[in-house]
Structures are given as C-alpha cells and as structure tokens.
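The values are calculated or read from the model by the stated rules, or taken from the named source; none is laboratory data. Note that the coordinates shown come from a computational prediction; the quantities given were computed from them, not determined experimentally. Here Cβ is always computed from backbone atoms with ideal geometry, including for glycine, and neighbour counts include all displayed protein chains. The protein model used for the area step is the full one, side chains on, heavy atoms only, and it has no ligands, DNA or RNA in it. Shrake-Rupley method; radii C 1.70, N 1.55, O 1.52, S 1.80 Å.
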Amino acid sequence: MVLVNDNYLKLPESYLFSDIKKKVNAYKERHPEARIISLGIGDVTRPIVPAIVGAMHAAVDEMGNADTFRGYGPEQGYDFLRERIIAHDFFSRGVELDADEIFVGDGAKSDLGNFGDILSVKCRIAVTDPVYPVYVDTNVMGGRAGELSDDGKHWSRIIYLPCTAENQFVPELPTERPDVIYLCYPNNPTGTTLSRIELQKWVDYARENESLILFDAAYEAFIHDDNIPHSIYEMEGAKEVAIEFRSFSKTAGFTGLRCGYTVVPKVLKLYDSSGKKIQANPLWNRRQTTKFNGTSYIVQRAAEAAYSLLGDKQIKESIEYYMRNARLLKESLENIGLKIFGGDNAPYIWVKTPNGLSSWKFFDRLLHECHIVGTPGVGFGPSGEGYFRLTAFGRYEDTIEAISRIQHWKL
C-alpha cells in the first residue's frame, strides 16, 4: 500500500488563480462576444529586451560549438552572474556579500517553497495577512500549518499579522513568538512598502527573539522612493537573521525563462534538535546540490546581460512602462471615488471594495459589467476580504481601455 503525504490532503482542492480561470472561462462561454481584459494574474506582457535576447543568442551559439559547449554547471550558479549580482544589487547599496552566499535558481517562488526542506516541522510560522499563497501552502505541505479552521480562513499553527488600511498596511510585531517570519516588500498583493525604520524594527525583533526572516524582494526594482530599502541587508544586523529571495521574472521579464537567486549569509545560524547552532548556508547548499542541477547556462548569460549598461537601461524602460500603467490605474480609480493603496513603488493596485461588497462580489461585477478581470483580495488571506488586486503588468493599450470602461461604470 502506497501512502501519500497527508499534508497535501489538507490543502483546499482549488488554487486562487484556478478559481479565477474557471469563472472567466465560464463567462466567455456564455458571452463569446465579450473582450475580456485581464489585470489579474501578475504575468508580464513586455518582450524580453534586445540586450538580453542578444546574450541568449550568443550563448546558444556557444552551446553549439565543441570548444565552448557547457554541460552541468555549478548548482550554486556561475561566478560571472554571481559577481554581477553582488556588484549591482548589493555592493552599490553598501552591502558586502561573498559569491558563495549567492545561490542562483529558477525563481523566487521555487526557493521560497523549497527552503522549508531544511526547516523543522516544529517551526512556528508567521505571515503577513493578506499574503502570497505560496508562503502558506508550502508550509501546509511541510506539516507546519496545523489544521484549517471550520470557516476555511485560518491555519491553527500559523501566526497571522493583519495588514489593512487601519494599520496603514504595516504589520505589528507578533505578540506570540514565531520561529520563521515571511515578509514581502514591496508587497504582493497590496503594493505597499516598509520604510527603513519599519524594516529595522523587524530585524531587531528577529535578533532579540532568535527568529528567521524569509524576505521576498521580488519587486525591489519597482521602488522609486529613496527612503524605501531595496534589500533587507541594508538594515543593521540583518545578515544574522534574514534570507533574501530575488527574481528576474518581473524585473527583466523572465516569467518564461525562469531565473532568480537566494542570499544565505554565512553568519546566519539555525539550531539542531539539541540546541547546537548550525550554519544555514551549507545546509541550503547541501539541499541544492542534492535536488537541483543548476539554472541553464543560456539563462544565466541572459541574466548577466540584465546588468549590462544597455540591458539595465532597457529594463528600466520596461519597468517605467508598467509603472505608468500603475499611475494611470490609481488615478482613474481614485477619480471615480474608490479608495486605492499601492501603485507608487510596486506594480500592484490594492482596491478597497465599495459599498461593503465582498471581494468575490466585486470580482463578479467587474467581470460582468466591465469585462475586466482582477484578483479577489480574500484569496490572499482573511484580511484581504473587502479588497481587490489589479496589476500594472498589462499592455498599455489594454490598461487605457480598462480605464475607459471603469470611468463609465456605475458603482
């Protein structure tokens, strides 16, 4: 008899974005004439920039030449990319790292989920609420979430840190000590940020309580405000308590190529069951060398090109394209009387649903009356009820059309 991991059976049968797809497909079948504009799933629409495409072509040619062909690469990533990452993303901001503290992977989502491999099932987890679903679901899979409440909103062993308009989307420090804290800033789904002072409070808390922060910085390239940190390592003492996850997906349009990296400082230590301190870096390295054969050479050359002068310039143009969409969406929604958050340093618009509408009721009205798709806030957690997420990753022309439809909408 082959037994399954019972933790998987605890997961709700459907995933948020699967539910959205089913609803949209059902509507399309009934109304084939409707032109649906999707501002829901956060996939990019701009093509990969020419500087990166050129680097990929050159790498492909290398792979077709016996003298330059490469097979298995280092599981941690090639030095040519890791050195660029350190120089561009960290040293330029006053953060010193060694190459062996950088682990190149196939995206932040994968590493965020996989990091649980080296954590005990006994660890207590804290998440901001609302939150990106992978943080919760992978801990359910790993047996750290406990049981789901009867109303389907809370897991018994997860500590929820509400982020709402009432606290200006700044989570309060936990009153109950967690072992692991997930933070994502700029935030998905709310599009909000933490100041340097606020983020330093979290680092100080983690140091005082011997907690680990898993910091998702996938959207740092969209920050325009100088007072907002791009990396948690800009905070004093953060290397002792924080692991940072980055992605090229939204920054450089790699959602289809798949590349990201994780920073595991060598000074960061966890504990074994006897209470002995253990370096996290070699544990993660052991996990990667066992379960991962490395990101492809071609993709890593593409990522390297993102740091070239031309690549950086072209990527910034794409980022500005999306942030123009964000500004237009925010302004137009505010003009019709909706309460809006985010959209200034992140490509997400967080909408307070009007007239007490639930997140899914607002979804249905927006789809049926405007033919626009967004994401119900409650799908990101209980504190997301009464909110709605729109993304700025659509085509500019579709964003303008969506705005035109919304401006004539009777709420």
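Stretched out fully, how many nm does the piece from R30 to S195 gain, at 0.36 nm a residue minus the Cα gap?
Once the chain is fully extended between R30 and S195, it gains 54.7 nm.
Go ahead and collect, in residue order, the members of the range 361-392 whose backbone nitrogen is under 16 Å from a label point 7 Å along the Cα-Cβ direction of A165.
Label zone hits: 362, 377-378, 383-390.
Just how much of I400 is accessible, in Å², when a 1.4 Å probe is used and the result is rounded to the nearest 10?
Using a 1.4 Å probe on the heavy atoms, I get roughly 70 Å².
Which residue fluctuates most in the GNM of the chain (Cα springs below 10 Å): S195, S358, S274?
S274
Determine the share of the chain's accessible area contributed by carbon and sulfur atoms, expressed in whole percent, with a 1.4 angstrom probe.
Working: 9390 of 18710 Å².
The nonpolar share, carbon plus sulfur, comes to 50 percent.
Out of the trypsin sites (Lys or Arg not before Pro) in the range 233-338, which ones are loop residues according to DSSP with at most 12 other C-beta atoms within 10 Å?
Listed in order of number, the matching sites are K276.
Quick one: if the Förster radius is 25 Å, what FRET efficiency do R365 and H224 give, using the C-beta to C-beta distance and rounding to 0.05?
0.20
Within the range 34-97, report the GluC sites (Glu not before Pro) that DSSP leaves as loop and that have at most 10 other Cβ atoms within 10 Å.
Listed in order of number, the matching sites are E96.
Per residue, what accessible area does the chain have, given a 1.4 Å probe and all protein chains present, in Å²?
46
To the nearest 0.05, what FRET efficiency results for S120 and L310 with a Förster distance of 51 Å applied to their C-beta separation?
With a Förster radius of 51 Å, E is 0.65.
Which lysines, on any chain, are close to K109 with Cα under 19 Å apart, when same-chain ones fewer than 8 places away are left out?
Cross-link targets: K250, K291.
According to a simple spin-label model (label point 7 Å from Cα along Cα-to-Cβ), what is the distance in nm between N209 and V53?
Once both label points are built, they end up 4.9 nm from each other.
Which percentage, to the nearest 5, of the DSSP beta bridges contained in the chain is antiparallel?
Details: 23 of 42 bridges.
Of those bridges, close to 55 percent are antiparallel.
Diagonalise the Cα gyration tensor of the range 114-251 and give the resulting equivalent ellipsoid semi-axes, square root of 5 times each eigenvalue, largest first, whole Å.
23, 17, 15
Taking the simple approach of a point 7 Å from Cα along Cα-to-Cβ for both E236 and Y321, what is their distance in nm?
Using points 7 Å along Cα→Cβ, the separation is 4.3 nm.
When only DSSP loop residues count, what trypsin sites (Lys or Arg not before Pro) in the range 1-51 have their Cβ near at most 10 other Cβ atoms within 10 Å?
Filter output for the range 1-51: R35.
Just to be sure I understand the model, the point goes 7 Å from the Cα along the line to the Cβ. What's the resulting D98 to L3 distance in nm?
Between D98 and L3, the label points sit 4.2 nm apart.
Please check the chain for the longest run free of chymotrypsin sites (Phe, Trp or Tyr not before Pro) that are loop-located per DSSP (anything but H, G, I, E, B) and have at most 14 other Cβ atoms within 10 Å.
Values: sites that count: Y15, F69, Y72, W409.
Formally, the longest exposed-site-free interval is 73-408.
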